[in-house]
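**Q** A single structure is presented below for examination.
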Amino acid sequence: MNTQIRGKCGDEVETKVQKRRDPSLIIHNVPDAVTTEKAEDIIFAQNPDLNLQEGDIQNNFAFRTKRIIRNMVIEVKPHTRRHLLQKKLKLQWTICNIDGYVSVSRCFKCSRYNHRHTQFRSEETCPLCAGKHKLKECTASMSDYKCINCVTFNAHSKDRKINENHSPLYRNCPSPQAVIVKYRQNTNYYYIPNS
């Protein structure tokens, strides 16, 4: 395939197969002394039974929950993910549980997915009625709520229409579920050993 494209386009076009992202895991109840910079070294030192290799773990970020519990998100190789999900991690004097982690980012300026407000480039959209104004300026009643993501889906879909009469903040909105499905499709969960 690449040779056919190069034959027609020459060196003007560079082709490459899109690489799927590595999966992420969340480590619960991480002690404060375990910073994102030191986490990989501490995990390796205190969990020798896991037989981890250098490059199996990449630290992403840590955050606190409403209950002041500190969690850490790490990116791992597919074979490491499967192995870690069956174990618990020792970090300092704490035994930490591990779960899969999928994050869907929604811009608070336009209520659309897969970018943050710092990457915002379109018109500001009200998260309640999909109008071109800020949330604090909205006067729409609950019956006038519109989800900008569902409206956009319906505008581009010929086969299927979904209910758009809700806010993007609505718990049962189908849009974030569709984004999660797409995220999982683009994640490499399966380890294929070199033959």
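The values are calculated or read from the model by the stated rules, or taken from the named source; none is laboratory data. Please read these numbers as outputs of a predicted model, since none were measured by experiment. Positions of Cβ are generated from backbone atoms using ideal geometry, with glycine treated the same way; all protein chains shown enter the neighbour counts.
**Q** Go through Asn71, Asn59, Asn29 for me and flag whichever is surrounded by 10 or more Cβ atoms within 10 Å (Cβ to Cβ), of a type in the set (S, T, N, Q), part of a strand (DSSP E or B) and touching a residue at least 40 places away in the same chain (Cβ under 8 Å).
**A** Details: Asn59 fails: touching a residue at least 40 places away in the same chain (Cβ under 8 Å); Asn29 fails: part of a strand (DSSP E or B).
Answer to the selection: Asn71.
**Q** So, in the range 155-195, exactly how many residues are part of a helix (DSSP H, G or I) and surrounded by 15 or more Cβ atoms within 10 Å (Cβ to Cβ)?
**A** First, the residues of the range 155-195 that are part of a helix (DSSP H, G or I): 155-156, 174-185.
Restricting the remaining residues to those that are surrounded by 15 or more Cβ atoms within 10 Å (Cβ to Cβ) gives 174-176, 178-179, 183.
So the count comes out to 6.
**Q** Please find, among Ala33, Ala45, Ala62, the residue that is under 29 Å from Asn186 (Cβ atoms) and either assigned by TED's automatic domain parsing to the domain that holds Trp93 or of a type in the set (A, V, I, L, M) (or both). Even if it seems obvious, please write down each step before you answer.
**A** Working: Ala33 fails: under 29 Å from Asn186 (Cβ atoms); Ala45 fails: under 29 Å from Asn186 (Cβ atoms).
Testing whether each residue is under 29 Å from Asn186 (Cβ atoms) and either assigned by TED's automatic domain parsing to the domain that holds Trp93 or of a type in the set (A, V, I, L, M) (or both) leaves just Ala62.
**Q** Being closer than 21 Å to Arg106 by Cα, of a type in the set (A, V, I, L, M, F, W, C) and touching a Lys or Arg at 6+ places or on another chain (Cβ under 8 Å): is that true of Cys138 here? Walk me through how you get there before you give the answer.
**A** Values: closer than 21 Å to Arg106 by Cα: yes; of a type in the set (A, V, I, L, M, F, W, C): yes; touching a Lys or Arg at 6+ places or on another chain (Cβ under 8 Å): no.
Considered against the rule, which asks whether it is closer than 21 Å to Arg106 by Cα, of a type in the set (A, V, I, L, M, F, W, C) and touching a Lys or Arg at 6+ places or on another chain (Cβ under 8 Å), Cys138 comes out as no.
**Q** Could you tell me which residue of the range 81-100 is farthest from Ile42 (Cα to Cα), considering only residues that are buried (at least 17 other Cβ atoms within 10 Å of the Cβ) and touching a Pro at 6+ places or on another chain (Cβ under 9 Å)?
**A** Arg81
**Q** Right, here's the next one. Specify the residue that is farthest from Leu89 (Cα to Cα); the eligible residues are those in the range 26-42 that are out of contact with any strand residue (DSSP E or B) (no Cβ under 8 Å at 6 or more places or on another chain) and charged (D, E, K, R). Break it down stepwise before answering.
**A** As a first pass, look at the range 26-42 and keep what is out of contact with any strand residue (DSSP E or B) (no Cβ under 8 Å at 6 or more places or on another chain): 33, 38, 41.
From what is left, the residues that are charged (D, E, K, R) are 38, 41.
On the way: Lys38: 15, Asp41: 13 Å.
Filtering first and then ranking leaves Lys38.
**Q** I would also like to ask the following. Collect the residues in the range 133-179 that are among the hydroxyl-bearing types (Ser, Thr, Tyr) and touching a helix residue (DSSP H, G or I) at 6+ places or on another chain (Cβ under 8 Å), keeping them in residue-number order.
**A** The initial filter retains those residues of the range 133-179 that are among the hydroxyl-bearing types (Ser, Thr, Tyr), namely 139, 141, 143, 145, 152, 157, 167, 170, 175.
Passing the criteria: only Ser175.
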